[in-house]
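Written out below as structure tokens is the structure these notes cover.
The values are calculated or read from the model by the stated rules, or taken from the named source; none is laboratory data. Small disclaimer: the values here were computed from a predicted structure and weren't measured. Cβ atoms come from the backbone with ideal geometry, glycine included; neighbour counts cover every protein chain shown.
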Amino acid sequence: MVKFENVTKKFGELTALKGVSFEIKSGEFVFVIGPCGAGKSTLAKLILREYLPTEGQVKVKGIDLKNLRKKEIPEHRKKIGVVFQDFKLLFDRTVFENVALALRVLGEKEEEITQKVINILELVGLSQRANFFPVQLSGGELQRVCLARAVVGEPEIIIADEPTGNLDLGTAREIVNLLKKINDKGKTVIMATHNFEIVNLMNQRVIELDKGKLVSDEKKGKYHLP
Amino acid sequence: MKEHWRTAWTHMRRTPYQALAAILIMFLTFFITTVFILTAGGFQAILRYFETRPQVTAFLKDETTSSQVDTLKAKLAQTGKVKEAKYISKEEALNIYREQNKNDPLLLEMVTANILPASLEVATNDLAYLNEIAQTLRVEPAVEEVVFQEDVVKALQQWTLNIRMIGIALISIFGLVSLLVILVIIGMKITLRREEIDILQLLGASRWYIRAPFLLEGMFYGVVGAFMAWGISYLLLLYLTSYIIKFFQGIALLPVSPLFMLTVLGIEISSGIVIGSLGSLLAVKRYLK
């Protein structure tokens with residue numbers, strides 16, 4: 001599903017990723033771990049085709065993202081749902097409207113949008129908050145809205161970039177459990193985090209980065225870094 | 001499309017002063033356009049009126065006989081440059097005089113057919129022949145005096161040309177200003193909504209999906225500005241109709257045909273759409289790479 005082949009990403013003199021290679025199969029749940037500045041977010045942005053690799057190839061569903069034309073990028077991104085650490089929600093729209101936005105972008109019909117948003121808000125436990133604005137929600141609720149928006153269009157891949165970064169352990173667990181639920185439905189989940197408690201709890205595949213280099217890639221991994 | 005309109009409407013509702021500025025500049029552009037179209041059209045009608053009037057009037061001596069008049073008419077017809085030569089007898093001249101001054105009894109007193117000269121009113125096929133025909137008539141023994149409207153027509157032609165030139169220049173300047181204002185306003189809105197646009201791009205929104213509301217917004221300003229300008233110009237014209245008719249008595253200037261006004265509306269709305277969407281498109285190209 002996602003393949004990195006000897007990927008290096010440089011920003012001027014700074015090397016964010018150096019010779020990283022791995023492959024993620026369809027339906028896998030993968031943690032990408034490492035301390036701040038390890039290259040986790042860069043990796044996520046390379047998959048989203050926000051960045052292009054300086055060297056090597058990033059392939060999603062067999063397509064080398066370097067070969068994507070500008071107008072093909074939206075179609076590529078529609079296959080990926082993203083959960084951001086800073087939520088990236090529209091604060092002048094309600095929870096319902098924020099989630100519906102992902103479906104509108106996909107060009108779905110209004111009736112279908114309404115039904116799907118209701119269903120997904122129920123899944124993430126926000127049915128009662130549908131008409132709330134983001135400022136009226138807690139951090140955990142905001143992250144759940146973000147998660148709902150990421151998965152409502154049923155993308156094949158979910159990328160969660162530090163989704164638990166601002167949350168307490170209990171709320172973080174809730175979010176990861178939701179991601180696992182989605183993964184159980186056959187979706188590929190890639191979660192970048194430096195939350196060792198969550199990683200150790202889930203017992204899933206762990207790709208470990210440090211200073212831009214791939215340190216380890218374990219099928220049932222733990223968080224080893226200090 | 002409905003969704004894009006809704007988004008465009010939300011953009012406008014949230015920045016009403018910018019929307020008002022854009023509509024006002026569009027209004028001003030199209031108001032000037034309508035005023036100049038109507039003025040130029042009016043001058044054209046006045047010019048046409050003078051061009052189609054008998055353009056050379058030859059006043060005949062009192063002793064001129066009808067056979068002399070016929071000879072003169074035949075001579076003029078032979079030139080091939082005359083459309084019509086009409087003989088106005090002393091009695092007919094008196095009737096015309098009476099009709100023109102029917103509201104002023106003082107001017108009607110003392111005037112009889114005898115003191116008015118008979119005349120020959122000659123219309124040429126082209127304005128260029130006017131002088132030549134006037135010269136031909138001047139040397140005729142039966143002709144007392146020749147009057148023709150060459151100067152009036154020339155002055156009107158110059159006025160019409162000047163009005164067109166000034167109109168084109170002003171409309172071009174205001175059109176350009178409108179375009180730039182739309183560009184700046186839409187550019188500001190794009191900058192204000194940068195975060196939203198980034199989120200939409202990450203969600204996989206197509207370029208059209210992101211750009212459409214901005215393009216529709218520009219078009220909306222153009223259409224509303226053009227329609228308001230046309231409506232107010234038309235109302236002003238209707239209000240001023242009685243004054244204009246009084247001032248240009250005898251010249252069929254008004255009422256302006258509704259079909260003509262609808263054509264003007266169609267042209268202005270189309271131009272509004274072009275200016276609005278072009279301004280937005282330039283802004284979108286500049287700020288949404």
Taking the range B:169-183 as the search range and keeping residues that are in contact (Cβ under 8 Å) with a residue 60 or more places away in the chain and closer than 16 Å to B:Thr34 by Cβ, which one is surrounded by the most Cβ atoms within 10 Å (Cβ to Cβ)? B:Ser178
Just a yes or no: is a residue in the range A:36-49 within 14 Å of chain B (Cβ to nearest Cβ), of a type outside the set (Ser, Thr, Tyr), surrounded by fewer than 17 Cβ atoms within 10 Å (Cβ to Cβ) and within 22 Å of B:Tyr209 (Cα to Cα)? no
Quickly run through the range B:148-163 and pick out the residues that are over 12 Å from B:Leu47 (Cβ atoms) and surrounded by 13 or more Cβ atoms within 10 Å (Cβ to Cβ). B:Phe148, B:Glu150
The one condition in (1) outside the structural domain of B:Thr263 (by the TED database); (2) of a type in the set (Ser, Thr, Tyr); (3) surrounded by fewer than 18 Cβ atoms within 10 Å (Cβ to Cβ) that B:Tyr17 fails to fulfil: (1)
Residue count for the range B:62-93, restricted to those that are hydroxyl-bearing (Ser, Thr, Tyr), over 39 Å from the mean Cα position of the chain (by Cα) and surrounded by fewer than 16 Cβ atoms within 10 Å (Cβ to Cβ): 4
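From the list B:Gly225, B:Gly231, B:Gly204, exactly one residue is farther than 18 Å from B:Arg14 by Cβ, in contact with a Phe, Trp or Tyr (Cβ under 8 Å, 6 or more places away or on another chain) and in the same structural domain as B:Ile37 (by the TED database). Which is it?
The unique qualifying residue is B:Gly225.
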Determine, yes or no, whether B:Ile210 is part of a helix (DSSP H, G or I), more than 30 Å from B:Ala77 (Cβ to Cβ) and either under 21 Å from the mean Cα position of the chain (by Cα) or within 14 Å of another protein chain (Cβ to nearest Cβ) (or both). yes
With respect to the numbered conditions (1) of a type outside the set (Asp, Glu); (2) within 30 Å of B:Ile166 (Cβ to Cβ); (3) surrounded by fewer than 18 Cβ atoms within 10 Å (Cβ to Cβ), which one is the sole condition not fulfilled by B:Phe30? (3)
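Quick check: anything in the range B:216-233 in a helix (DSSP H, G or I), without any contact (Cβ under 8 Å) to a residue 24 or more places away in the chain and more than 14 Å from chain A (Cβ to nearest Cβ)?
Yes, there is a match, as at least one residue in the range B:216-233 is in a helix (DSSP H, G or I), without any contact (Cβ under 8 Å) to a residue 24 or more places away in the chain and more than 14 Å from chain A (Cβ to nearest Cβ).
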Inside the range A:99-125, the number of residues satisfying the requirement of being more than 9 Å from chain B (Cβ to nearest Cβ) and either among the aliphatic types (A, V, I, L, M) or in contact with a Leu (Cβ under 8 Å, 6 or more places away or on another chain) (or both) is 12
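A quick yes/no check of all residues on (1) assigned by the TED database to the domain that holds B:Lys75; (2) part of a helix (DSSP H, G or I):
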site	(1), (2)
B:Glu99	yes, yes
B:Lys102	yes, no
B:Met110	yes, no
B:Ala123	yes, no
B:Thr136	yes, yes
B:Thr160	no, yes
B:Arg164	no, yes
Counting only residues that are touching a helix residue (DSSP H, G or I) at 6+ places or on another chain (Cβ under 9 Å) and among the polar types (S, T, N, Q), the range A:99-118 contains a total of 1
